[in-house]
Amino acid sequence: MDEKIEQLKKIVEDSDNIVFFGGAGVSTESGIPDFRSVDGLYNQQWQYPPETILSHSFFERDPAEYYRFHRAKLVVEGVRPNRAHLRLAELEAQGKLRAVITQNIDGLHQAAGSKNVLELHGSILRAYCSRCRTPYPAEKINYGTDVPRCKCGGIIRPDIVLYEEQLDEDILYRSIEYIRKADVLIVGGTSLNVYPAAGLINYYRGNKLVLVNLGQTPYDSYADLVIHKKIGEVFANI
Ligand code: ZN
């Protein structure tokens, strides 16, 4: 087996205080396309870039167009947890992993069985009224063609953090605490170029920072172990 994966396996064996921080790459291996990826049809179908449509002000201005994008691009049918999700859930059940901190909104960690999942950007599997905050099941917003409305008349929105919106402070604070106290921090499936990923790992104080990402990241030279492989392949072998 790959020597670096062997090293990670040993690090994992020796620790009972592992924290995992994951980005989009964890989900792309389950077949969830990155909504930023520009396919040939994109420009024909959408007048604005995804960062605009997925913003707070756009949602307020044109919820019908927001929901057209949401249902076409964010809702992906039939996706299942991959080997990384499943192994992380196992490590938690074994008492070795303390928390999964994720930037993904697909709920796949919970589907794999993980319990302590900190969703920095919320979840597409929850919704609530933007006026009275009554919670609604995701089915209420993820299907159909209408703008979903609450009994109070307010527009029901997904429980995700849109561009221009703040991260949930409680989740952010708890994420920082887990990272600060972690013995091992494994960062996977993120190029660490965007907020808050890069900022968060600066809170880590240990000497077992592990990066697992297909491409290089700005933190490669700073990490104790760097593995440039697919995250599912790595987790299947540790
Ligand atoms: Zn309402």
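Tally time: how many residues in the range 45-62 are of a type in the set (Asp, Glu) and without any contact (Cβ under 8 Å) to a residue 24 or more places away in the chain?
Of the residues in that region, 2 qualify.
So how many residues does the range 169-212 have that are outside any helix (DSSP H, G or I) and at pLDDT below 95?
So the answer is 9.
Within the range 147-163, how many residues are within 11 Å of the ligand (Cβ to nearest atom) and in contact with a helix residue (DSSP H, G or I) (Cβ under 8 Å, 6 or more places away or on another chain)?
So the answer is 4.
Going by what's in this entry, would ALA111 be described as modelled with pLDDT under 95 and within 23 Å of GLU139 (Cα to Cα)?
In short, no.
Go over the candidates ALA93, ALA112, ALA72 one by one and state the one that is surrounded by 18 or more Cβ atoms within 10 Å (Cβ to Cβ) and hydrophobic (A, V, I, L, M, F, W, C).
ALA112
Between a residue in the range 142-161 that is under 15 Å from TYR66 (Cβ atoms) and without any contact (Cβ under 8 Å) to a residue 24 or more places away in the chain and any residue that is assigned to a strand (DSSP E or B) and within 8 Å of the ligand (Cβ to nearest atom), which pairs come within a Cβ distance under 9 Å, given they are 6 or more apart or on different chains?
Between residues of the range 142-161 that are under 15 Å from TYR66 (Cβ atoms) and without any contact (Cβ under 8 Å) to a residue 24 or more places away in the chain and residues that are assigned to a strand (DSSP E or B) and within 8 Å of the ligand (Cβ to nearest atom), the close pairs are ARG149/CYS129; ARG149/ILE156.
Any residue at all in the range 57-71 that is among the hydroxyl-bearing types (Ser, Thr, Tyr), within 16 Å of the ligand (Cβ to nearest atom) and farther than 23 Å from ILE176 by Cβ?
Checking the range 57-71: not a single residue is among the hydroxyl-bearing types (Ser, Thr, Tyr), within 16 Å of the ligand (Cβ to nearest atom) and farther than 23 Å from ILE176 by Cβ.
Kindly indicate which of VAL147, VAL117 is more than 14 Å from the chain's Cα centre (by Cα), modelled with pLDDT of 95 or more, β-branched (Val, Ile, Thr) and on the phi < 0 side of the Ramachandran plot.
Working: VAL117 fails: more than 14 Å from the chain's Cα centre (by Cα).
VAL147 is the lone residue from the list that is more than 14 Å from the chain's Cα centre (by Cα), modelled with pLDDT of 95 or more, β-branched (Val, Ile, Thr) and on the phi < 0 side of the Ramachandran plot.
Return a yes/no flag: does the range 210-218 have any residue that is in contact (Cβ under 8 Å) with a residue 12 or more places away in the chain, in the same structural domain as SER15 (by TED's automatic domain parsing) and farther than 23 Å from THR28 by Cα.
No, that holds for no residue.
I'd like to verify a number: residues in the range 172-199 that are under 13 Å from VAL100 (Cα atoms) and among the hydrophobic types (A, V, I, L, M, F, W, C), how many?
Qualifying residue count, the range 172-199: 8.
Among the residues of the range 90-127 satisfying the criterion of being assigned to a loop (DSSP other than H, G, I, E, B) and of a type in the set (S, T, N, Q), which is nearest to ASP14 (Cα to Cα)?
GLN94
In the set LEU162, LEU192, which member is surrounded by 16 or more Cβ atoms within 10 Å (Cβ to Cβ) and in contact with a His (Cβ under 7 Å, 6 or more places away or on another chain)? Before the answer, list the steps.
Details: LEU192 fails: in contact with a His (Cβ under 7 Å, 6 or more places away or on another chain).
When all the criteria are applied, what remains is LEU162.
Output the residues belonging to the range 115-134 that are touching a residue at least 12 places away in the same chain (Cβ under 8 Å) and either touching a Cys at 6+ places or on another chain (Cβ under 9 Å) or surrounded by fewer than 14 Cβ atoms within 10 Å (Cβ to Cβ) (or both).
Result: LYS115, TYR128, CYS129, SER130, ARG131, CYS132, THR134.
What number of residues within the range 9-37 are acidic (Asp, Glu) and at pLDDT 95 or above?
Matching residues across the range 9-37 total 3.
Residues of the range 111-146 being of a type in the set (A, V, I, L, M) and within 16 Å of the ligand (Cβ to nearest atom), which ones?
Within the range 111-146, ALA127, ILE141 qualify.
The values are calculated or read from the model by the stated rules, or taken from the named source; none is laboratory data. Because the structure is predicted, anything quoted here is derived from the model rather than measured. With ideal geometry, Cβ positions are generated from the backbone for all residues, glycine too; neighbour counts draw on all protein chains shown.
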